[in-house]
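These notes concern the structure reproduced below.
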């Protein structure tokens, strides 16, 4: 278990998670005594913002090393919408107690030069963390007991330092998904994170790859810069 320094004062069930506690509790109960009880992790902005003491995210991202389809079957009775499963990517979307929930099987990704849509294969939590945008967004909390996991071994350190670092070499991270360059600008502006060495240089070198991103996705990211807190 990763020890949490004094900087990290909130807990998984603390008041900052009040708008999603009901959904998390329902998921926890539905997966109790199953293979997913010890293999289901809250990941991404919800963990990052909780540790920073910021208001909680409006949605829930969960990752597991197991297949998504059996997990969907467990959660289907508590979802207020018919779950949508994307078999190609090993993901699913549900809504539980008014909270959007995305399920993802831990995966590796590979990209062709002209596409943002990856080829995926099942992988470990460490592999999954490396394919994410920034180390601070790759932190995980096991849903059953709240254990904090830092698969990149740098996420906690970077979060405390408010350092924007990619899990892989930044050029590779941005080439794989150019939209991450706009996210870097958003996190710099909204959260006050400082760029790690080489990050801005990689953005300049790969800026031309934004042409493979749809106008809609770029517009959505720009809107988040203006409207959303993180």
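The values are calculated or read from the model by the stated rules, or taken from the named source; none is laboratory data. Quick caveat, the model's predicted, so the values are computed rather than measured. Glycine gets a Cβ as well: all are built from the backbone with ideal geometry, and neighbour counts include every protein chain shown.
Look at residue 217 and say whether it is in a helix (DSSP H, G or I), in contact with a helix residue (DSSP H, G or I) (Cβ under 7 Å, 6 or more places away or on another chain) and surrounded by fewer than 18 Cβ atoms within 10 Å (Cβ to Cβ). In short, yes. Just to be sure, is residue 168 more than 20 Å from the chain's Cα centre (by Cα) and without any contact (Cβ under 8 Å) to a residue 60 or more places away in the chain? Answer is no for this residue.
Conditions (1) within 28 Å of residue 209 (Cα to Cα); (2) surrounded by fewer than 17 Cβ atoms within 10 Å (Cβ to Cβ), marked per residue:
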position	(1), (2)
59	no, yes
62	no, no
72	no, no
75	no, no
87	yes, yes
106	yes, no
119	yes, yes
129	yes, no
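Evaluated against (1) at negative phi; (2) over 18 Å from the mean Cα position of the chain (by Cα); (3) outside the structural domain of residue 38 (by TED's automatic domain parsing), residue 184 falls short on exactly one condition, (2).
Being within 12 Å of residue 63 (Cβ to Cβ) and in contact (Cβ under 8 Å) with a residue 40 or more places away in the chain is the filter; apply it to segment 138-151 and report the residue that is surrounded by the fewest Cβ atoms within 10 Å (Cβ to Cβ). Here the residue is 142.
Residue-by-condition table, conditions (1) part of a loop (DSSP other than H, G, I, E, B); (2) surrounded by 19 or more Cβ atoms within 10 Å (Cβ to Cβ):
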| position | (1), (2) |
| --- | --- |
| 133 | yes, yes |
| 153 | yes, no |
| 157 | no, no |
| 167 | yes, yes |
| 174 | no, yes |
| 180 | no, yes |
| 184 | no, yes |
| 187 | no, yes |
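Figure legend. Inter-residue proximity from segment 82-98: first residues in contact (Cβ under 8 Å) with a residue 24 or more places away in the chain, second residues in a loop (DSSP other than H, G, I, E, B) and surrounded by 12 or more Cβ atoms within 10 Å (Cβ to Cβ), beta-carbon distance below 6 Å, spacing 6+ or different chains. Indicated pairs: 92/83; 96/79. Reported count of residues in segment 82-96, each being closer than 20 Å to residue 107 by Cα and assigned to a loop (DSSP other than H, G, I, E, B), is 4. Counting only residues that are farther than 23 Å from residue 152 by Cα and either surrounded by 21 or more Cβ atoms within 10 Å (Cβ to Cβ) or over 18 Å from the mean Cα position of the chain (by Cα) (or both), segment 38-56 holds 0 of them. Against the test of being without any contact (Cβ under 8 Å) to a residue 24 or more places away in the chain and not assigned by TED's automatic domain parsing to the domain that holds residue 58, the options 205, 194, 221, 215 yield a single qualifying residue, 215. Of the residues making up segment 55-82, those that are touching a strand residue (DSSP E or B) at 6+ places or on another chain (Cβ under 6 Å) and over 24 Å from residue 129 (Cβ atoms) number 4. Here the condition is being at negative phi, outside any helix (DSSP H, G or I) and at pLDDT below 85; of 16, 12, 42, it holds for 12 alone.
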